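Visitor: First, the structure itself, so that you have it in front of you.
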Amino acid sequence: MTAPGAVRWQTWSGTVRCTPASLVTPTSEDEIVRAIRAAGERGLPVRAAGSGHSFNALACTEGILLDLSRYRGVHSVDAAAGEVTVRGGTTVGELAETLDRHGLALANIGTLAEQTVAGAVSTGNHGSGLAHAPLSSQIIRLRLITAAGAVRTLDAESSPDEFRCARTALGTLGILSTVTLRCVPQFRLRVSQRTEPLDAVLDGFTAWAAEADHVAFSWLPWQDRAGLRALHVTPALPSRDAVRRRYATTIDEVRCGLIGLAGRADARAVPWLKGRSLLPARPPAEYVDASHRVFTFPQPVKFLALEHALPLDTTADALRALRRTLRRTGAYSPYSVLVRVGAGDDAPLSPAYGRRTGYVNLTVPRTAGQVELLRAIEPVLRDHGGRPHWGKAHTATAEVLAPRYPEWELFQQVRAALDPTGMFASDYTDRVLGPVRIPAELSTLTLAAPIRDGG
Ligand SMILES: Cc1cc2nc3c(=O)[nH]c(=O)nc-3n(C[C@H](O)[C@H](O)[C@H](O)COP(=O)(O)OP(=O)(O)OC[C@H]3O[C@@H](n4cnc5c(N)ncnc54)[C@H](O)[C@@H]3O)c2cc1C
């Protein structure tokens, strides 16, 4: 444990910083339990941090920050049952590589290998594919260390409501120690890319969303064509040049980072700069590789991102409105708008709760001025029933969010029962979830709040 005030912690993007009273880096479940009991005795709040890849102050605290990046590793693999148990601080990449060595894989993951499993599930992390809900839907059971320092094993049979809530809880119900996830036999994916007029894609949006196992498209808002990416499961062997293909997206991001620097004086110059050849153009891509190497790619360039989960049926309208707004401002990010899709989820705080989802992501360089773009598009996505990604930039408060989550009150009840003193709360969680409510306040409320805005 470090001395008070001696530590500074910051997110991966470097845009959010905090000064915890102490930073604890446990390497075992016992050490986590001891740290929580010690914090309880001193009356200090506790927050967990994974790899810090969220773009907001979710992991920040002025109390005890538990950095779980050293509590890592795969605990056990049961290939016959299709189950893997990992420590919370294990990265998604480490997990995927270990599974691959056992002939197994996760059915679907997002683009980032460096984030921790506990951090990813806690914020509703998702990949793309209409048959796939967010990563936390793959959890079979989990071990949660509560504010009382008790270790609870939660699953769908023994504790259905607590289990559903704990699957996506922003670290507010306790510390996820180990997580047992469902896995599938390892598989390979064929990547195919093509471009089409954006309007044609939007007109047939739900059909496009179902055209392959995993689909995504990216679109530069000043252009009228979109780049479509479809992934199909294939028995074919990995392509010889698969490694080079995988780095093509990384090179694109390096290019965006450079353009962000060059265009920081005036974001209206971005389309012109984007037309210049700063690095070799991306080769046409049709290749095969192991699933986890197709889903993820190295992302060394730091940026800021905002993403909303929308009802699948309103996503095309939201994108049309977004195009109008962005073109009106005339200022652009060098990064494409990224659109993905997913199945509905049943974790009360999952952004995909109860509906098939279209995810719309806008990425901007960290340069001043670009944040204005995020401010301009957030109301557009919100007006179309969007729920912000818990790990990305947004300005929503509990008042805005509560009506968008039909089981919001159930979550608050479970939270009050597991953490009655608000040990796992912070200024930021007070903003997005409200403070922990004492049970008497909760008993006067109905369980499911009505959805007032179609969200
Ligand atoms: C380059 C990049 C690419 C990304 N790609 C995607 C993507 O494809 N899809 C997507 O959905 N998101 C994506 N994200 C967002 C990212 O998945 C989330 O922000 C995720 O939470 C990051 O995990 P982390 O380990 O860094 O968690 P942190 O940011 O460190 O923490 C996130 C939350 O998890 C909590 N937490 C962490 N560990 C524990 C624990 N053991 N117990 C309880 N709570 C815990 C923290 O308290 C905090 O509330 C991306 C982010 C970046 C920077």
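Visitor: I'm told Leu310 meets every condition in (1) within 13 Å of the ligand (Cβ to nearest atom); (2) assigned to a strand (DSSP E or B); (3) more than 16 Å from Ala226 (Cα to Cα) except one. Can you identify the failing condition by its number?
Guide: (1)
Visitor: Looking at the range 16-71, which of its residues are assigned to a loop (DSSP other than H, G, I, E, B), open to solvent by 30 Å² or more (accessible area, probe 1.4 Å) and touching a helix residue (DSSP H, G or I) at 6+ places or on another chain (Cβ under 9 Å)?
Guide: Within the range 16-71, Thr25, Thr27, Leu44, Pro45, Ser51, His53, Ser54, Glu62 qualify.
Visitor: Of the conditions (1) under 18 Å from Leu418 (Cα atoms); (2) within 15 Å of the ligand (Cβ to nearest atom); (3) more than 21 Å from the chain's Cα centre (by Cα), Gly63 fails just one. Which one is it?
Guide: (1)
Visitor: I need the full set of residues from the range 381-403 which are in the same structural domain as Leu220 (by TED's automatic domain parsing), open to solvent by less than 20 Å² (accessible area, probe 1.4 Å) and more than 16 Å from the ligand (Cβ to nearest atom), in order please.
Guide: Matches in the range 381-403: Gly385 only.
Visitor: Looking for whichever is farther than 23 Å from Ala107 by Cα and either in contact (Cβ under 8 Å) with a residue 24 or more places away in the chain or more than 16 Å from the ligand (Cβ to nearest atom) (or both) here; the options are Leu181, Leu231, Leu220, Leu189. Which one fits?
Guide: Numbers: Leu181 fails: farther than 23 Å from Ala107 by Cα; Leu231 fails: farther than 23 Å from Ala107 by Cα; Leu189 fails: farther than 23 Å from Ala107 by Cα.
Within the list Leu181, Leu231, Leu220, Leu189, the selection yields Leu220.
For every residue, the table says whether it meets (1) among the β-branched types (Val, Ile, Thr); (2) in a loop (DSSP other than H, G, I, E, B); (3) more than 14 Å from the ligand (Cβ to nearest atom); (4) open to solvent by 40 Å² or more (accessible area, probe 1.4 Å).
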site	(1), (2), (3), (4)
Glu114	no, yes, no, yes
His126	no, yes, no, no
Ala131	no, yes, yes, yes
Leu144	no, no, no, no
Ala147	no, yes, no, no
Leu154	no, no, no, no
Ser158	no, yes, yes, yes
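Visitor: Pick from the range 72-110 the residues that are within 9 Å of the ligand (Cβ to nearest atom) and either at pLDDT below 95 or in a strand (DSSP E or B) (or both): which of them is farthest from Ala393 (Cα to Cα)?
Guide: Out of the qualifying residues, it is Arg87.
Visitor: Can you pull out the residues in the range 72-99 that are open to solvent by less than 40 Å² (accessible area, probe 1.4 Å) and over 30 Å from Ser22 (Cβ atoms)?
Guide: Within the range 72-99, Gly82, Val84, Ala96, Thr98, Leu99 meet the criteria.
Visitor: Right, another one. On the basis of being within 27 Å of Ala425 (Cβ to Cβ), among the charged types (D, E, K, R) and not assigned by TED's automatic domain parsing to the domain that holds Leu173, does Arg87 make the cut?
Guide: Spelling it out, it is not the case that Arg87 is within 27 Å of Ala425 (Cβ to Cβ), among the charged types (D, E, K, R) and not assigned by TED's automatic domain parsing to the domain that holds Leu173.
Visitor: To continue, here is another question. Write out, first by first residue and then by second, each pair whose Cβ atoms fall under 9 Å of each other, whose residues are 6+ apart or on separate chains, and whose first residue, in the range 9-32, is in contact (Cβ under 8 Å) with a residue 40 or more places away in the chain while the second is open to solvent by less than 30 Å² (accessible area, probe 1.4 Å) and of a type in the set (Asp, Glu).
Guide: Cβ pairs passing all conditions: Trp9/Asp67; Leu23/Asp67; Val24/Asp67; Thr25/Asp67; Pro26/Asp67.
Visitor: In the range 324-344, how many residues are within 16 Å of the ligand (Cβ to nearest atom) and not charged (D, E, K, R)?
Guide: Of the residues in the range 324-344, 11 are within 16 Å of the ligand (Cβ to nearest atom) and not charged (D, E, K, R).
Visitor: I've got another one for you. Is it the case, given these coordinates, that Ser122 is in contact (Cβ under 8 Å) with a residue 40 or more places away in the chain and surrounded by fewer than 19 Cβ atoms within 10 Å (Cβ to Cβ)?
Guide: So Ser122 does not fit the description; no.
Visitor: Right, Ile139: open to solvent by less than 30 Å² (accessible area, probe 1.4 Å), under 29 Å from Tyr405 (Cα atoms), more than 12 Å from the ligand (Cβ to nearest atom) and in contact (Cβ under 8 Å) with a residue 24 or more places away in the chain or not? Write out each step before concluding.
Guide: Working: open to solvent by less than 30 Å² (accessible area, probe 1.4 Å): yes; under 29 Å from Tyr405 (Cα atoms): yes; more than 12 Å from the ligand (Cβ to nearest atom): yes; in contact (Cβ under 8 Å) with a residue 24 or more places away in the chain: yes.
In short, yes.
The values are calculated or read from the model by the stated rules, or taken from the named source; none is laboratory data. The structure presented is a predicted model; accordingly, all values stated were derived computationally and were not measured. Cβ coordinates were reconstructed from backbone atoms using ideal geometry, including for glycine residues, and neighbour counts include every protein chain displayed. These area figures cover heavy atoms from the full protein model, side chains too; ligands, DNA and RNA do not enter into them. Shrake-Rupley method; radii C 1.70, N 1.55, O 1.52, S 1.80 Å.
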